[in-house]
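Written below as structure tokens is the structure these notes are about.
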Amino acid sequence: MSGETFDVVILGGGSGGYATALRAAQLDLSVALIEKDKVGGTCLHRGCIPTKALLHAGEVADQTRESDAFGIKAELIGIDMAGVNAYKDGVVAKLYKGLQGLIKSAKITYVEGTGRLVAPDTVEVDGTRYIGRHVVLATGSYSRTLPGLDLDGQRVISSEHALTLDRVPTSAIVLGGGVIGVEFASAWRSLGSDVTIVEALPRLLAAEDEEASKAVERAFRKRGIGFKTGKPFEKVESTEGGVRVTIAGGETLEAELLLVAVGRGPTTAGLGYEEQGVTMERGFVLTDERLRTSVPNVFAVGDIVPGLQLAHRGFQQGIFVAEEIAGKNPAPIDEAGIPRVTYSDPEVASMGLTEAKAKEKYGADKVQAYNYNLGGNGKSQILRTQGFVKLVRVADGPVVGVHMVGARVGELIGEAQLIYNWEAYPAEVAQLVHAHPTQNEALGEAHLALAGKPLHAHA
């Protein structure tokens, strides 16, 4: 039962946990990393990476269908789902192998097994105890469902089940119009499925700026993706061919399967957190801005901490906590300064405050918004994409929100992040030279316009 003592014992090897481990090891701290499944967690194995691979396969299918528009004669003969899965799994396997190598070379004590917090400084795995001068809780999240809605893995499935399907469903109902639901609806439509999204809130991607939501809804209508917004789910029944879903108002929809994408819950139940005095709320671990829990020397990172459930947030929090433990006194992470991307077609990428949130914070008369249409951007025309770059600024002050819709706009979020986090003024960004022809120019043009000198746009 008695175990080794480490500077840091980390429970969970997802983005937050492994980032803590790698950074702590770099800082010459002794580290034990405990993971019940595979290092890399949901993001690498059942989330971000495989879904983006699926979306890219869908993009290739769409481009093949539309190749005539580019003067290329090609024909889409069909979708080989075994081939798509082999490509997707190959990407994951390569990244997993690389990550395993990093953990090994960092001389981290890697423990495979289910851990439980049995004392404020101790995690137990299969009877062996690992004592930490500091403990980091990083146990991640799981696919939520709704009361009375049971996942059977066949007809009523989660995103994890969806990633292992050996076929493209002929038809699907997606319950939830957030990031996960919108991405799967987009991918499946590209691969040939008939898809309808059901969302209780008034619009798709309700956390995004309203104009971004509207642009996605317009694009989805054009692509033949159905959606019912403001329609809470009522019940699901099995039919001969799949499922029948009843939504508010008594309307019924039928499809081969129902994907439940109503968000992710924190994986904290039964792990001993509360028994050891860790303050919790609705299953989440509460922390201060330095990610310390209510128990001395116990930290928490990633999806179990209230806020955006994003791999890159957990990753950054992991680096922060390792540096905090090592006495480096890192600057706290600004939650509003974390980039957000939805990898549907079209993509949505955003930073900072929506126009509505900015008006709430600064007052409606103190906020200016500007929308630059990608119709004026050469590279966007080459890619045949539609969308916009929208800036939200404080009058006579910095840019506090950047919202983008269009193909590949996720790749522009890096500069948008710098603009927001450095509290840049439009005139400062307008001075920067943006390469031509790139979609990145759209960011430059939007700032030129907001600085009062529009060239390819009207102010």
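Structural remarks
- The value obtained for segment 41-114, namely the Cα convex hull volume divided by the number of residues, is 109 Å³ per residue.
- Of the beta bridges in the chain, as assigned by DSSP with both residues counted there, near 60 percent are antiparallel.
- Label-reachable residues, segment 116-152, where backbone N falls under 14 Å from a point 7 Å from residue 269's Cα toward its Cβ: 141-151
- Spin-label model distance (nm) - residue 131 vs residue 149, 7 Å beyond Cα toward Cβ: 4.7 nm
- This ranking places 280, 81 by how few other beta-carbon atoms lie within 10 Å of each, fewest first, which gives 81, 280.
- Altogether, the Stokes-Einstein calculation at 4 °C and 1.567 mPa s, with the Kirkwood radius of segment 346-450 over Cα pairs as Rh, returns a diffusion coefficient of 96 µm²/s.
- Label-to-label distance, residue 422 versus residue 160, with points set 7 angstrom from Cα along the beta-carbon direction: 4.2 nm.
- Exposure proxy order (Cβ contacts within 10 Å, fewest to most) of 130, 87, 18: 87, 130, 18
- Full-extension gain in nm, residue 381 to residue 438, via 0.36 nm per residue minus C-alpha separation: 19.5 nm
- Taking segment 31-185 and dividing mean pair separation by its residue count, relative contact order in percent (alpha carbons under 8 Å, at least six apart): 30 percent
- For the chain, the longest piece that avoids every one of the GluC sites (Glu not before Pro) found in DSSP loops with at most 16 other C-beta atoms within 10 Å covers 76-239.
- Restricted to Cα atoms, segment 156-262 shows a radius of gyration and a Dmax of 12.9, 41 angstrom.
- Working note: Karplus 6.51/-1.76/1.60 with θ = phi - 60° gives segment 406-417 the couplings x, 4, 6, 5, x, 6, 8, 5, x, 5, 4, 5 Hz, where Gly and Pro are set to x.
- Estimated FRET transfer efficiency when R0 is 30 angstrom, pair residue 214-residue 70 (beta carbons, to 0.05): 0.60
- Rel. contact order, % - alpha carbon contacts under 8 angstrom, at least six apart, segment 270-342: 21 percent
- The chain, relative contact order [Cα under 8 Å, separation at least 6], %: 15 percent
- Cross-link pairs beyond the 25 Å C-alpha cut-off, checked among 52/222; 328/359; 222/357: 328/359; 222/357
- Potential lengthening between residue 95 and residue 308 on full extension [0.36 nm per residue; Cα-Cα distance subtracted]: 74.3 nm
- For segment 104-249, DSSP calls about 60 percent of its internal beta bridges antiparallel.
- Amide N proximity, segment 385-421 versus residue 360 label position 7 Å along Cα-to-Cβ, cut-off under 18 Å: 392-394, 400-403
- Measuring how big the chain is from its alpha-carbon positions, Rg and Dmax come out at 23.4, 71 Å.
- Euclidean distance between Cα centres, segment 1-54 to segment 309-333, Å: 14 Å
- Residues whose placed amide H lies under 5 Å from that of residue 134, excluding near-sequence neighbours: 8, 9
- For the chain, excluding the exposed loop sites themselves (trypsin sites (Lys or Arg not before Pro), DSSP loop, at most 12 other Cβ atoms within 10 Å), the longest remaining stretch covers 168-281.
Values in this text are rule-based calculations from the coordinates and carry no lab data. What you are looking at is a predicted structure, and each value in this text was computed from that prediction instead of being measured. Cβ coordinates were reconstructed from backbone atoms using ideal geometry, including for glycine residues, and neighbour counts include every protein chain displayed.
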